[in-house]
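What follows is a short report on a single structure.
The values are calculated or read from the model by the stated rules, or taken from the named source; none is laboratory data. Computed from a predicted structure; not experimentally measured. Heads up, the Cβs are rebuilt from the backbone with ideal geometry, glycines too, and the neighbour counts pull from every protein chain shown. Surface areas here come from the heavy atoms of the whole protein model, side chains and all, with no ligands, DNA or RNA. Shrake-Rupley method; radii C 1.70, N 1.55, O 1.52, S 1.80 Å.
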Amino acid sequence: MATTEEITSSEKRSLNFIEKQVEKDLAEGTDGGRVQTRFPPEPNGYLHIGHAKAIAMDFGIAAQYGGTCNLRFDDTNPTKEDTEYIESIEHDIKWLGYQWANVFYASDYFQELWDFAVWLIQKGRAYIDEQSAEVIAQQKGTTTKPGTDSPFRNRPVEENLRLFEFMNSGEATPGTLVLRAKIDMAHPNMLFRDPLLYRVMNIPHIRTGNKWNAYPMYDFTHGQSDYLEGVTHSLCTLEFVEHRPLYNLFVTWMREYMQELQAEGKPLPMDPATFNSYPGPRQTEFNKLNLSYTLMSKRNLLALVKEGMVDGWDDPRMPTICGFRRRGYSPESIAKFIDKIGYTTYDALNEMGLLESAVREDLNSRAIRVSAVLDPVKVVVTNYPEGQYEQLTAINNPENEDDGTHTVEFGRELWIERDDFQKEATKKFLRLAPGKEVRLKNAYIVKCDEEHPYDEDAEGRVTTIYCTYDPESRSGLPGSDRKIKGKTLHWVGCHNAVEAEVRLYDRLWKVENPRDEMAAIREQQQCEAVDAMRQIINPASLTVLSHCYVEPFAATMAPLTYLQFQRIGYFTPDTTSTPEHPVFNKTVGLKDTWSKKK
């Protein structure tokens, strides 16, 4: 998101609807001119690119208007949460370029939430239900039919309090007791039909151990955590629009609870000065980041990992932040993409090509240019002395002079790409062919022999190409700018080339909208999600090339360095890459201008 100064000095980007609301609140003095947001992930998986949009909004709004943004882990479900996920979330946020003011956990407020729930019971606003989840769901009715009251809805307060304590004793059986809010079983918004507040789990928590056996539900936890922290703008995605009235009701009840505590002279669970000038958090919803040919659901992503359909959460085909990082995306490119698609109040499916365009645009300015040959064929420069090698200068990045240069060595034998040569060239083929000239990048013009242009094996596959070079055509020398019709080709010297593994990635899914396709398959075949996934996953999403060659300079690059393989695309050394066994992941291809001309 743009800074305040950028918005003031330029009208290139108009304020989005959330920025307009924040500016209105500031102008009216709401919250005393204070802006506070939070990013509240559940630590039950790794963050995906959809979270990056929420992160950019939560942290960006706070930074833009001189506020603070807290990181709060929604750790209310101990069956799915793990410290591995907490650490990965923190790492991803920092990698994206953001820093939180404080780290909080929903579990920090378990006691406050419990006390608040007790107050609701005492006020007749909550009760213990002993019915099964299936019966409760049936009694909720439908969108056109009101629900029916639970037979336990009007049980005495004292009995509710006793059973609530029993829920947390460790002796209650999960699924036999729940605490429900008493609201309206005929309410048109079905979320108001006596929603669940607490359930029994009897599972140790990664932070609180065995202290709690009854855990609060998300809808009950979220708004109250916002309130206790003093959040001013609670920003979330559109699926929470229907939850907002319930969010507001619980926040109103929370304020009444604390007003009563204050009137009775009891300590408040938040700073009294903040409470007295604080109207409470306001929830605002924006559209999710949806991408074509992409599935973004932590549950389904976890299934891909567990079933071995991908190589872990950071597989470069995954839409996770760590997957994009391992593939060679920069945090700046992701920010560019998010800024391009913007924030609205309606969902849309964004094209993957738009994301790749943002990545390509960003990497063009930061990637180091190197030579790599993915499908090699040997070239012998017959008039170049055997055993002689020449140091040539290669510019690291023509977009940034400060990136400097490195040297490459030219010799008699070179590797070039196989598709840069044709036995019989078509009219528009401007690369190497019998009798044709090309320039070798940073080196010389070479001409393919006409009498003996190549050798081939028994199957007719070219094994060696024979050329001569023009000694006066070395790049950078006076008079070296002789014009030829041929293209400039990249190459790697055979004498010092480093053999490398290169991984080429395609879309993970065969269909544009895998979520909807999965749902359709499951409905038709009555199968599990994993079985539906296997039917639409792309078997050609990964191609591994084992016998590629790169120049020595490329082999020394640290993992996750941004590189451009000249004339091929953007790549990065994998996290497993070493100078002895370099491994490169393809990030995104270059624009193929030649195919357009065809």
Here the residues within region 368-389 that are open to solvent by 30 Å² or more (accessible area, probe 1.4 Å) and over 16 Å from Gln566 (Cα atoms) are Lys378, Thr382, Asn383, Pro385, Glu386, Gly387, Gln388, Tyr389
Right, Arg439: out of contact with any Asp or Glu (no Cβ under 6 Å at 6 or more places or on another chain) and touching a residue at least 60 places away in the same chain (Cβ under 8 Å) or not?
no
So, Glu399, is that one within 40 Å of the chain's Cα centre (by Cα) and either surrounded by fewer than 16 Cβ atoms within 10 Å (Cβ to Cβ) or modelled with pLDDT under 95 (or both) or not? yes
| said: Would you confirm, using the coordinates I've provided, whether Thr572 is open to solvent by 30 Å² or more (accessible area, probe 1.4 Å), in contact with a Gly (Cβ under 9 Å, 6 or more places away or on another chain) and at pLDDT 95 or above? | reply: no
Scanning region 93-120 for residues that are touching a Phe, Trp or Tyr at 6+ places or on another chain (Cβ under 9 Å) and among the aliphatic types (A, V, I, L, M), the one surrounded by the fewest Cβ atoms within 10 Å (Cβ to Cβ) turns out to be Val103
Selection from region 429-465 of residues closer than 30 Å to Pro398 by Cα and not in a loop (DSSP other than H, G, I, E, B) yields Leu432, Glu437, Val438, Arg439, Leu440, Ile445, Val446, Lys447, Cys448
Considering only strands (runs of 3 or more DSSP E) wholly within region 169-222, the ones with at least 1 residues that are under 31 Å from the mean Cα position of the chain (by Cα) and buried (at least 20 other Cβ atoms within 10 Å of the Cβ) are 214-216
### Message
Can you find a residue that is surrounded by fewer than 18 Cβ atoms within 10 Å (Cβ to Cβ), modelled with pLDDT under 95 and part of a loop (DSSP other than H, G, I, E, B) anywhere in region 272-280?
### Response
yes
Note on region 402-418: residues open to solvent by 50 Å² or more (accessible area, probe 1.4 Å), farther than 12 Å from Lys378 by Cα and either in contact (Cβ under 8 Å) with a residue 24 or more places away in the chain or outside any helix (DSSP H, G or I) (or both) are Asp403, Thr405, Thr407, Glu409
Within region 466-494, the count of residues that are closer than 18 Å to Ala394 by Cα and either without any contact (Cβ under 8 Å) to a residue 60 or more places away in the chain or not β-branched (Val, Ile, Thr) (or both) comes to 15
Considering region 342-367, residues that are open to solvent by less than 30 Å² (accessible area, probe 1.4 Å) and part of a helix (DSSP H, G or I), and then whichever is nearest to Ile49 (Cα to Cα), we arrive at Leu355
Among the residues of region 305-322, the number that are in contact with a strand residue (DSSP E or B) (Cβ under 8 Å, 6 or more places away or on another chain) and outside any loop (DSSP other than H, G, I, E, B) is 2
| said: Looking at the structure I just gave you, is Phe337 of a type in the set (Phe, Trp, Tyr), at pLDDT below 95 and not in a loop (DSSP other than H, G, I, E, B)? | reply: no
Expected output for region 522-547 (first residue free of Cβ contacts under 8 Å to residues at least 12 places away in the same chain, partner assigned to a helix (DSSP H, G or I) and surrounded by 15 or more Cβ atoms within 10 Å (Cβ to Cβ), Cβ below 6 Å, 6+ apart or cross-chain) is Arg522/Ala532
Asp449: passes all of (1) touching a residue at least 24 places away in the same chain (Cβ under 8 Å); (2) in contact with a Ser or Thr (Cβ under 8 Å, 6 or more places away or on another chain); (3) surrounded by fewer than 11 Cβ atoms within 10 Å (Cβ to Cβ) but (3)
- Would you say Thr284 is among the β-branched types (Val, Ile, Thr), in contact with a helix residue (DSSP H, G or I) (Cβ under 8 Å, 6 or more places away or on another chain) and assigned to a loop (DSSP other than H, G, I, E, B)? no
Counting only helices (runs of 4 or more DSSP H) entirely within region 480-598, those with at least 2 residues that are within 26 Å of Arg360 (Cα to Cα) are 552-555, 593-597
Scanning region 121-141 for residues that are open to solvent by 60 Å² or more (accessible area, probe 1.4 Å), in contact with a helix residue (DSSP H, G or I) (Cβ under 9 Å, 6 or more places away or on another chain) and either of a type in the set (Val, Ile, Thr) or part of a helix (DSSP H, G or I) (or both) gives Gln122
